[in-house]
Structures are given as C-alpha cells and as structure tokens.
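A quick write-up on the structure given underneath.
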Amino acid sequence: MSTGAFAYTAFVIDAYAGMIVGWECSTSKVAAFVERAIRQAADKRRREGNPLQGSTIHHSDAGSQYTSVHFGESLALEGMRPSIGTVGDAFDNALAETTIGLYKTECTRLGSPFRTGPFGRLSDIEAATSTWVHWYNTTRIMHRLGRRPPAEHEADYYAQIRDDQPVAHT
C-alpha cells in the first residue's frame, strides 16, 4: 500500500486446473484471514454442488498462520486435510508460488490494468484482486491446460463426470 504498510493475500487454488476458488486480503498475517479464504473456497464448492468431502488436501508453506491448531480445525470442518511443505523449499509450493508471482506481476505492480490508482486502503487491494481473480479464472489462458482458462478446463471436467462418481479435489 502507498502508506508503506504491508498487505497480504491468501489464495486457495485447486491444483487440477489452477482455479482460484477462494482468496482474502489482510493487513495482518494471522490465521483468521487464511481461514476466511478457506471458508470461501469450501462455500464455493458447496454452491457448485461439489462439496469437499474430507479427502481434499490443503497444501501450504510453514507460515505461522497455517500451523495453528485453530487453522487445522478450520480445515477439518471444511472437509480438508493439512499438508505443510518444508521450510525454505519453494518446490513444495510451486503452484502457489507461480500464482502469487503472476498476481504480483499482473495485478499489484504499478501500471497494472487491474489497479485504478494507488493502494491507499485495503479495499483498493481487494478491488484489484477481485477483478484480477475473475480475469485469471475466466480469461487468462494457461498453456498447461491446452491454452484455455482454468474455469473452462474445470467446467469440462465436471461435465464429464457422472453424478454418482465422487469428485476428488486436490
């Protein structure tokens, strides 16, 4: 933010298509803000008719907001199991690191088309993030998905599975 303060953004990314299914911005790096992103992702899956059923793995780095007992309980309540990468190993978290790198380059840098001006308040970052996430999910083409956006690739997957077949989330 332009005031010199830091802002943090947590993303919940479905590894299958790289779809961002939950996100939250905060001025403090506490467990509550990543828990809100988790609830947002689980709510999205429930609304879509694809609820998380306890076998979904939530992978994160070893940051304190991801290692609290309360965070682990929140994951369990939303149908997820924790998996924490080793300290200092970006390979454990490559999908998240890549997505965050794209976010910083495409959304938060000066001159980004997703910015409407300086980031003076948390709401400025949230507005840019909301617009970017929508664009990322529905428009940004991904080479690994056959030059299609995550939402399109994921929609094809759900269209192909039978109603009686359990859905696996990663």
Worksheet item: Leu77: closer than 22 Å to Val21 by Cα, touching a residue at least 40 places away in the same chain (Cβ under 8 Å) and aliphatic (A, V, I, L, M), yes or no?
Response: no
Worksheet item: Which condition number does Pro113 fail, the rest of (1) surrounded by fewer than 13 Cβ atoms within 10 Å (Cβ to Cβ); (2) in a helix (DSSP H, G or I) being met?
Response: (2)
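Looking only at segment 1-17, filter to residues that are part of a loop (DSSP other than H, G, I, E, B), among the aliphatic types (A, V, I, L, M) and under 29 Å from Thr139 (Cα atoms); which one of those is modelled with the lowest pLDDT? Spell out how you get there, then give the answer.
Let us first name the residues in segment 1-17 that are part of a loop (DSSP other than H, G, I, E, B), namely 1-7, 15-17.
This time we only want the ones that are among the aliphatic types (A, V, I, L, M), so: 1, 5, 7, 15, 17.
Imposing the further condition that a residue be under 29 Å from Thr139 (Cα atoms) reduces the set to 1, 7, 15, 17.
Values: Met1: 52, Ala7: 93, Ala15: 91, Ala17: 93.
Among them, the one singled out is Met1.
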Worksheet entry | Extreme residue, surrounded by the fewest Cβ atoms within 10 Å (Cβ to Cβ), among residues of segment 132-143 that are in contact (Cβ under 8 Å) with a residue 12 or more places away in the chain and part of a helix (DSSP H, G or I) | Thr138
Practice prompt. Filter segment 18-67 down to residues that are assigned to a helix (DSSP H, G or I) and surrounded by 14 or more Cβ atoms within 10 Å (Cβ to Cβ), then give me how many there are.
Written response: 18
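Of all residues in segment 36-58, count the ones that are among the hydroxyl-bearing types (Ser, Thr, Tyr) and farther than 16 Å from Ile13 by Cβ. Reasoning before the result, please.
We begin by selecting, within segment 36-58, every residue among the hydroxyl-bearing types (Ser, Thr, Tyr); these are 55-56.
Filter once more, keeping what is farther than 16 Å from Ile13 by Cβ: 55.
The number of residues fulfilling the criteria is 1.
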Worksheet item: So Asp124 fits all but one of (1) closer than 21 Å to Ala96 by Cβ; (2) surrounded by 17 or more Cβ atoms within 10 Å (Cβ to Cβ); what number is the exception?
Response: (1)
Practice prompt. Would you be able to say whether some residue in segment 116-124 is among the hydrophobic types (A, V, I, L, M, F, W, C) and out of contact with any Pro (no Cβ under 9 Å at 6 or more places or on another chain)?
Written response: yes
Fill in: Residue match in segment 144-151 (condition: under 24 Å from Ser28 (Cβ atoms) and in a helix (DSSP H, G or I))
no
Worksheet entry | Of residues in segment 70-93 being under 19 Å from the mean Cα position of the chain (by Cα) and under 23 Å from Phe6 (Cα atoms), the one surrounded by the most Cβ atoms within 10 Å (Cβ to Cβ) | Phe71
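The values are calculated or read from the model by the stated rules, or taken from the named source; none is laboratory data. What you are looking at is a predicted structure, and each value in this text was computed from that prediction instead of being measured. Because the Cβ atoms are built from the backbone with ideal geometry, glycine has one as well, and the counts that use them run over all protein chains shown.
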